[in-house]
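Asker: Below is one structure. I have some questions about it.
The values are calculated or read from the model by the stated rules, or taken from the named source; none is laboratory data. Only a predicted model underlies this, so the values are computations on that prediction, with no experimental measurement involved. Here the Cβ is made from the backbone with ideal geometry for all residues, glycine too, and neighbour counts use every protein chain on show. Just so you know, the surface numbers come from the protein's heavy atoms only, side chains and all, with ligands and any DNA or RNA stripped out. Shrake-Rupley method; radii C 1.70, N 1.55, O 1.52, S 1.80 Å.
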Amino acid sequence: MELASDSIGYEVLEGEPPELLGRNLASAGYLLASATAFFFLAFVFAYFYLRSLNNAHMWKPKHVDASVTWGTIIMACIVASAIAVRLGLNDHRAGKRPAWRIKGAAALGLGLLALVLQAIAWTQQGFGPADGGFASVYFGWTAFAFLFVLCTMFWLETVLATSIRYRGWHEGERTVAPGQASGDRYREADDIRDPVSLVRAELEALSMYWTFVAGTAVFAWVVLYLI
């Protein structure tokens with residue numbers, strides 16, 4: 001069997017300008033935000049539709065009441081995490097990379113804290129998903145919000161880990177082996193001219209998307225806990 005390394009001209013792929021992938025990451029961030037908006041639109045529709053029907057007065061029975069305290073704390077953690085990422089992006093743009101890593105770690109901690117608190121909050125509610133329309137929407141909405149926050153935290157962790165691992169790159173210390181960015185040991189040069197420069201583009205896309213998710217968390221807080 002002929003190996004791919006013997007037949008593919010890797011020189012064609014090497015040296016790709018980082019600006020190209022940076023633009024791709026920005027576009028992907030906007031597309032992901034749009035997809036997320038349409039996804040949660042289904043829960044918004046279900047909330048107001050079932051509320052308007054209120055079949056057999058089972059939309060929200062008397063014992064079904066989501067805790068405003070838990071919801072507020074969780075929402076505050078998510079918003080604070082998004083703010084920390086935005087401030088970290090500003091530090092990265094200003095060349096203050098150690099400061100960005102500190103804020104990025106704080107944002108990661110706040111996001112994970114929100115997940116832990118949400119898991120605890122589910123156990124503290126005095127109702128289940130089968131206790132009326134509101135209960136079903138509440139558990140479905142918060143469960144998928146949990147999943148989106150978890151995936152975003154994984155994204156943040158990968159950006160933060162890359163920045164920490166290759167922190168000496170811009171100080172003249174070459175810490176990325178040829179082909180390491182692609183995971184292909186047969187390549188004799190980097191996939192792009194400056195692999196670590198993509199941290200900025202990825203952080204910008206992440207900050208935009210995480211801010212959007214935080215906005216949806218605020219909207220969910222208003223709908224599920226205040227209305």
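Asker: Quick check on my filter: what residues within segment 94-111 are open to solvent by 70 Å² or more (accessible area, probe 1.4 Å) and touching an Asp or Glu at 6+ places or on another chain (Cβ under 9 Å)?
Answerer: At the first step, the residues of segment 94-111 found to be open to solvent by 70 Å² or more (accessible area, probe 1.4 Å) are 96, 98, 102.
Answer for segment 94-111, where residues must be open to solvent by 70 Å² or more (accessible area, probe 1.4 Å) and touching an Asp or Glu at 6+ places or on another chain (Cβ under 9 Å): Pro98, Ile102.
Asker: While we're looking at this one, here's another question. Take segment 71-90 and flag every residue that is touching a residue at least 40 places away in the same chain (Cβ under 8 Å) and open to solvent by less than 70 Å² (accessible area, probe 1.4 Å).
Answerer: Gly71, Thr72, Ile74, Met75, Cys77, Ile78, Val79, Ser81, Ala82, Val85, Gly88, Leu89
Asker: Okay, next question. Taking segment 189-220, which residues are modelled with pLDDT under 60 and open to solvent by 60 Å² or more (accessible area, probe 1.4 Å)?
Answerer: Within segment 189-220, just Arg193 meets the criteria.
Asker: Mind checking which residues of segment 28-51 are in contact with a Phe, Trp or Tyr (Cβ under 7 Å, 6 or more places away or on another chain) and among the polar types (S, T, N, Q)?
Answerer: Within segment 28-51, just Thr36 meets the criteria.
Asker: A further question follows. Taking the stated definitions as given, is Ala114 assigned to a helix (DSSP H, G or I), surrounded by 20 or more Cβ atoms within 10 Å (Cβ to Cβ) and free of Cβ contacts under 8 Å to residues at least 60 places away in the same chain?
Answerer: yes
Asker: Turning to a different aspect of this structure: Of everything in segment 11-62, what is aromatic (Phe, Trp, Tyr) and either modelled with pLDDT under 90 or touching a helix residue (DSSP H, G or I) at 6+ places or on another chain (Cβ under 8 Å) (or both)? Give them in sequence order. First the steps, then the outcome.
Answerer: In the first step, residues of segment 11-62 are kept if they are aromatic (Phe, Trp, Tyr); the result is 30, 38-40, 43, 45, 47-49, 59.
Within segment 11-62, Tyr30, Phe39, Phe40, Phe43, Tyr47, Trp59 qualify.
Asker: Somewhere in segment 118-125, is a residue out of contact with any His (no Cβ under 7 Å at 6 or more places or on another chain), open to solvent by less than 30 Å² (accessible area, probe 1.4 Å) and not in a helix (DSSP H, G or I)?
Answerer: Scanning segment 118-125, I find at least one residue that is out of contact with any His (no Cβ under 7 Å at 6 or more places or on another chain), open to solvent by less than 30 Å² (accessible area, probe 1.4 Å) and not in a helix (DSSP H, G or I), so the answer is yes.
Asker: What number goes with the only condition from (1) hydrophobic (A, V, I, L, M, F, W, C); (2) at pLDDT 95 or above; (3) under 30 Å from Leu53 (Cβ atoms) that Val116 does not pass?
Answerer: Among (1) hydrophobic (A, V, I, L, M, F, W, C); (2) at pLDDT 95 or above; (3) under 30 Å from Leu53 (Cβ atoms), Val116 violates only (3).
Asker: What are the residue pairs meeting all of these: first residue in segment 209-227, first residue closer than 13 Å to Phe148 by Cα and part of a helix (DSSP H, G or I), second residue open to solvent by 50 Å² or more (accessible area, probe 1.4 Å) and β-branched (Val, Ile, Thr), Cβ atoms under 7 Å, and 6 or more apart or on different chains?
Answerer: Between residues of segment 209-227 that are closer than 13 Å to Phe148 by Cα and part of a helix (DSSP H, G or I) and residues that are open to solvent by 50 Å² or more (accessible area, probe 1.4 Å) and β-branched (Val, Ile, Thr), there is no close pair.
Asker: Which of the residues that make up segment 126-141 are of a type outside the set (Asp, Glu) and not in a helix (DSSP H, G or I)?
Answerer: Answer for segment 126-141, where residues must be of a type outside the set (Asp, Glu) and not in a helix (DSSP H, G or I): Gly126, Phe127, Gly128, Pro129, Ala130, Gly132.
Asker: Of all residues in segment 47-65, which are surrounded by 15 or more Cβ atoms within 10 Å (Cβ to Cβ) and either under 24 Å from the mean Cα position of the chain (by Cα) or under 15 Å from Phe219 (Cα atoms) (or both)?
Answerer: Passing the criteria: only Tyr47.
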